[in-house]
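Report on one structure; see the data block that follows.
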Amino acid sequence: MLVLALFAVPAAFSQNLPDLGDESQGLLSPLQERQLGANIMREIRADPSYSDDPEIVDYLNALGRRLAAASPDPHQEFDFNLLMDPQINAFSLPGGFVCVNSGLILTAQNESELAGVLGHEMGHVEQRHFARQMAEQQRGQILSLVGMAAALLASRANPQMAQAGIMGSQAGLVQAQLSFSRDKEREADRVGFQTMVGAGFDPQGMVSFFQRLQQATRLENDAPAYLRTHPLTYERIADMQNRAQNAPYRQVPDSIDFQLVRAKLKAEIGDAKDNVAFFEQSLSEKRYLNETASRYGLAAALLIFKKYDRAKQEIQVLRRMLPNNPMVADLAAQIYDESGDTATAQQIYRDTLQAYPNYRALTYDYADVLLHHQQPAAALKLIETRLQLAPSDYHLYQLQARSYAALDKHLLEHRAQAEAYYRLGDIKAAVEQLKLAQRSGDGDFYQLAGVEARLKDLQALLPPEDDREGRKNRQ
């Protein structure tokens, strides 16, 4: 599903949107689509269902990169995001942003099925369906983002609620379109199928997933959320089947990352005691797709249930089964730290980061442990080393701000928090943090000068109504 909303915009808000250009251009430029998608994502990130779990998000983006490399447009930028929502759904936004519900990941029975759904959503983006829909339906109309994110999140469960949300957000509504035509869905199927097969996945993956959703529609009163916004017809299923039959037969084993991510989600969702019982039963009865993943899920569930001794026993077995996996190592460090063996936890972090310096979860969790145990200088050293490699990582700036706060360096704390907000797209909040930095009462001349220069840069990015003070000072 790729979501489209067309309606009138207040003049003040429209100044935040990119110029859509002359009507004769017909389509939004890729840059304009990216800007629109980024604005919508800023609102979605504020929703409680949004999750920035680095292990799951990095897995989705690694899978997305593999698919993108085999897609018709390998240069198209994609950004995959996780929503902790049990509904079986995914949707794409203009500019290559794709949101995936946890329920969809857990429903996919193998990695090829998940790849098929992601390939379909990527097909919407690569075929420029957002811009084409706009050009077909309302040339020259400015796209409004007011209320769109809330309506988009509501659409995961009920498209009618989403329409009501959009209508309620602005009286000047012209049109709300929450799903694409059957022709565009078939087009996304075709591109998605070519992409997943080109990336080396099982051609049957897309077919089996959509067939199962179609069967669920017949057996249940309510169709899965994905089908409410993706018109699935027998013709579409037949087209997928024909493509799969004509493709070379291929059995593709799931990656261990796919299995571990599903086990992690299962361990974190719902009641911890019930999850422990689920994994214990699956292991005792040997009813699992992957024993290693089931043991990971059990160890994770035991950690959440605070059964630390048993969790350590399980993680020791798991580390022998999968000795060189950063996801397993990170879980082991968490278990040892929570059980009170902080020295072992920190040693695991140090050793594993040497082998996997770019594994975000290790850096975040190690820094968090250092801060928790009153070692802010060590945390700051770790964070600044990582920032040299990932200067756009907002999470690192948040950890940096916490480190400076623990060291009573408040100017630097607020400046770091400003950089985090800037990278999240919230320029107004970033400006407010820089103003707090100016008033912090600490910092030397060079630090204050740096804050002032950065403040001027960011104030220049604000719309006039949000920067009256800055414009007055510059006059």
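As a summary of the residue check, GLY270 satisfies the conditions (1) assigned to a loop (DSSP other than H, G, I, E, B); (2) over 26 Å from LEU83 (Cβ atoms) except for the one numbered (2).
Evaluation of GLN76 against the conditions (1) in contact with a Gly (Cβ under 8 Å, 6 or more places away or on another chain); (2) surrounded by fewer than 19 Cβ atoms within 10 Å (Cβ to Cβ); (3) at pLDDT below 90 shows that the sole unmet condition is (3). Considering each residue of segment 323-334 in turn, at least one proves to be at pLDDT below 95, assigned to a loop (DSSP other than H, G, I, E, B), of a type outside the set (Ser, Thr, Tyr) and on the phi < 0 side of the Ramachandran plot. If we scan segment 308-321, do we find a residue that is within 25 Å of the chain's Cα centre (by Cα), touching a residue at least 24 places away in the same chain (Cβ under 8 Å), buried (at least 21 other Cβ atoms within 10 Å of the Cβ) and not in a loop (DSSP other than H, G, I, E, B)? The answer is no, given that none of the residues of segment 308-321 is within 25 Å of the chain's Cα centre (by Cα), touching a residue at least 24 places away in the same chain (Cβ under 8 Å), buried (at least 21 other Cβ atoms within 10 Å of the Cβ) and not in a loop (DSSP other than H, G, I, E, B). I'd like to check something: does segment 441-464 contain any residue that is free of Cβ contacts under 8 Å to residues at least 24 places away in the same chain, in contact with a helix residue (DSSP H, G or I) (Cβ under 9 Å, 6 or more places away or on another chain), closer than 21 Å to ASN39 by Cα and assigned to a helix (DSSP H, G or I)? No; the residues of segment 441-464 include none that is free of Cβ contacts under 8 Å to residues at least 24 places away in the same chain, in contact with a helix residue (DSSP H, G or I) (Cβ under 9 Å, 6 or more places away or on another chain), closer than 21 Å to ASN39 by Cα and assigned to a helix (DSSP H, G or I). Of all residues in segment 424-441, those satisfying the criterion of being at pLDDT 95 or above, within 19 Å of ARG402 (Cα to Cα) and not hydroxyl-bearing (Ser, Thr, Tyr) are ALA429, ALA430, VAL431, GLU432, GLN433, LEU434, LYS435, LEU436, ALA437, GLN438, ARG439. In the set SER294, SER339, only one residue is touching a residue at least 24 places away in the same chain (Cβ under 8 Å), closer than 16 Å to PHE258 by Cα and out of contact with any Asp or Glu (no Cβ under 7 Å at 6 or more places or on another chain); that residue is SER294. Residues in segment 322-336 that are over 14 Å from ALA263 (Cβ atoms) and either under 26 Å from the mean Cα position of the chain (by Cα) or not aromatic (Phe, Trp, Tyr) (or both): PRO323, ASN324, PRO326, ALA329, ALA332, ALA333, GLN334, ILE335. Only one entry of LEU371, LEU396 meets the criterion of being part of a helix (DSSP H, G or I) and surrounded by fewer than 23 Cβ atoms within 10 Å (Cβ to Cβ), and that entry is LEU371.
Annotation: LEU153 fulfils all but one of (1) in contact with a Phe, Trp or Tyr (Cβ under 8 Å, 6 or more places away or on another chain); (2) modelled with pLDDT under 60; (3) buried (at least 22 other Cβ atoms within 10 Å of the Cβ); (4) of a type in the set (A, V, I, L, M); the unmet one is (1). For segment 52-72, filtering for residues that are surrounded by fewer than 16 Cβ atoms within 10 Å (Cβ to Cβ) and either within 13 Å of the chain's Cα centre (by Cα) or part of a loop (DSSP other than H, G, I, E, B) (or both) leaves 3.
Taking segment 237-256 as the range and being under 29 Å from the mean Cα position of the chain (by Cα) and without any contact (Cβ under 8 Å) to a residue 24 or more places away in the chain as the test, only PRO253 passes.
The values are calculated or read from the model by the stated rules, or taken from the named source; none is laboratory data. These numbers were taken from a predicted model, which means no experiment stands behind them. Don't worry about glycine lacking a Cβ; one is built from the backbone with ideal geometry, like all the others, and counts go over all protein chains shown.
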